[in-house]
Amino acid sequence: MLKILDIYILKRFMGTFLFSIALMLSIFIVFDISEKLQDFIAEKVPLKEIILEHYLNFIPYYGNLFSPLFTFISVILFTSRMASRTEFVAMLSSGTSFTRILRPYMIGAAIITFGSLFLNHFIIPRANKVRIAFEDRYINNGYSTEERNIHKQIAPGTFLYLESYDNRVNTGYRISLEKVVNNRQTYMLKAETMKWDSIKSLWMLSDFFERTLVEADTITGGLTKPFYKETHKFGASRPLKIDFSPKDMWRFESKIEVMPYFELKEYIAKERMKGSSRIEFFEVEMYKRTAFPFATFILTIIGVSIASRKIRGGVGLHIAAGLVLSMAYILFMHISTTFATSGMMSPIIAVWIPNLIFAPVAFYLYKNAQQ
């Protein structure tokens, strides 16, 4: 049950957090509008689309992305003000322990953390899909892939080659599909084009050539030896259903950002089966969506422990110390994820390393905080 102290601190915590995040997002939006205004006017983008498709999805994405840091800054701000008014001295003098004072901070951190987890895994990926589509349509002048000579392993022993691909019409040109068993090519399919049929969810080939190698047994001198015969087939068109669709040709960053948790997990399993070399990028994204929100707890403890002391320099010194720690955390996150994506470290270990490093720092500051 929440006490008066809990309600008092929690209201200040959440109020400062919401105010600071609203202020920073307002600044982000002003800069974003100034940067994209010329594109909006040139493309004659309807105001309704700008608001509903871009900024309605822009706000939760950037707000959630920086929520641990906003939490940290919020804790520093209102805790420093409380310390400057000797409120902590009064609470501690009345017999309230620092651990007890920390409880409403942890409740506030829990609300932000679990809200961020839900947004990260389920809401923001869907919002990103709309936001990125809007930016590709109006800002990026219609995204088009520049990839050529594309090689994909779409299943164990099954390889797809495309000379080029046009994502605007979902069409691949001069394609080749091969199946290999025991280092022997057992099937080959070539076509001039492959166009996606969104209604039937399959590809339609044009001007195709199909070659199949069939193994049969033959008896020679009492011994059974394998005998192979080929069948050939030509045609103007035919359907093709394979584990490959236009979404596999999306921009790499788009594929990462638009998948909710279960879809991303399923996609990673498929990519692992195909032998993809980019699994680490997707695993880093999946684990980071969980690890980064939990930094809210660590940064909250650090913020309270630093800002609860009344020191010469006041809020300014506390904010400076907070910004240094924030930058250090971000630096560690970038370094560790780089190790993961380069294959030098397990993705799950890499994304949790900043938390594992800063958790002892938080514990040390907590133990040495004003008691």
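The values are calculated or read from the model by the stated rules, or taken from the named source; none is laboratory data. Predicted model only: the values in this text are computed from it and were never measured. Here the Cβ is made from the backbone with ideal geometry for all residues, glycine too, and neighbour counts use every protein chain on show.
Brief remarks on what is shown
- Whichever residue in region 186-233 is of a type in the set (A, V, I, L, M) and surrounded by fewer than 10 Cβ atoms within 10 Å (Cβ to Cβ) and, among such residues, is modelled with the highest pLDDT: Ile199
- Test for Met333: is it within 30 Å of Pro156 (Cβ to Cβ), touching a residue at least 24 places away in the same chain (Cβ under 8 Å) and out of contact with any Ser or Thr (no Cβ under 9 Å at 6 or more places or on another chain): no
- Ser237 satisfies every condition listed in (1) in contact with a Ser or Thr (Cβ under 7 Å, 6 or more places away or on another chain); (2) outside any strand (DSSP E or B); (3) outside the structural domain of Phe66 (by TED's automatic domain parsing) except (2).
Okay, residues lined up against (1) of a type in the set (Ser, Thr, Tyr); (2) crowded, with 19+ Cβ neighbours inside 10 Å; (3) within 30 Å of Thr86 (Cβ to Cβ):
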| residue | (1), (2), (3) |
| --- | --- |
| Phe294 | no, no, no |
| Ile301 | no, yes, yes |
| Arg309 | no, no, yes |
| Gly316 | no, no, yes |
| Met327 | no, no, no |
| Thr337 | yes, yes, no |
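- When region 337-371 is filtered for residues that are under 17 Å from Ile279 (Cβ atoms) and assigned to a helix (DSSP H, G or I), the ones remaining, listed by number, are Thr337, Thr338, Phe339, Ala340, Thr341, Pro347, Ile348, Ile349, Ala350, Val351.
- When region 120-134 is filtered for residues that are of a type outside the set (Lys, Arg) and surrounded by 17 or more Cβ atoms within 10 Å (Cβ to Cβ), the ones remaining, listed by number, are Asn120, His121, Ile124, Pro125, Ala127, Asn128, Ile132, Phe134.
- Across region 276-292, the number of residues qualifying as under 19 Å from His151 (Cβ atoms) and basic (Lys, Arg) comes to 1.
- Condition met for Arg81 (assigned by TED's automatic domain parsing to the domain that holds Ala362, charged (D, E, K, R), under 27 Å from Ser305 (Cβ atoms) and touching a residue at least 60 places away in the same chain (Cβ under 8 Å)): yes
- For first residues located in region 95-121 and more than 15 Å from Tyr8 (Cβ to Cβ), partners that are of a type outside the set (A, V, I, L, M) and not in a helix (DSSP H, G or I) and lie 6+ apart or on another chain with Cβ distances below 8 Å form the pairs Ser97/Gln371; Phe98/Ser308; Phe98/Gln370; Phe98/Gln371; His121/Pro260.
- From Ile7, Ile73, residue being at pLDDT 90 or above and either in a helix (DSSP H, G or I) or surrounded by 16 or more Cβ atoms within 10 Å (Cβ to Cβ) (or both): Ile7
- Filter result for the condition that a residue is part of a helix (DSSP H, G or I) and surrounded by fewer than 16 Cβ atoms within 10 Å (Cβ to Cβ), over Lys265, Lys288: Lys265
- Unique match (being touching a helix residue (DSSP H, G or I) at 6+ places or on another chain (Cβ under 9 Å) and buried (at least 16 other Cβ atoms within 10 Å of the Cβ)) among Leu117, Leu52, Leu65: Leu117
- From the options Tyr165, Tyr161, Tyr138, residue that is in contact with an Asp or Glu (Cβ under 8 Å, 6 or more places away or on another chain), at pLDDT 85 or above and surrounded by fewer than 16 Cβ atoms within 10 Å (Cβ to Cβ): Tyr161
- Taken together, Met14, Met106 contain a single residue that is assigned to a helix (DSSP H, G or I), of a type in the set (A, V, I, L, M) and closer than 16 Å to Ser305 by Cα, which is Met106.
- Candidates in region 234-248 are the residues that are under 17 Å from Ile199 (Cβ atoms) and among the charged types (D, E, K, R); of these, the one that is modelled with the lowest pLDDT is Lys247.
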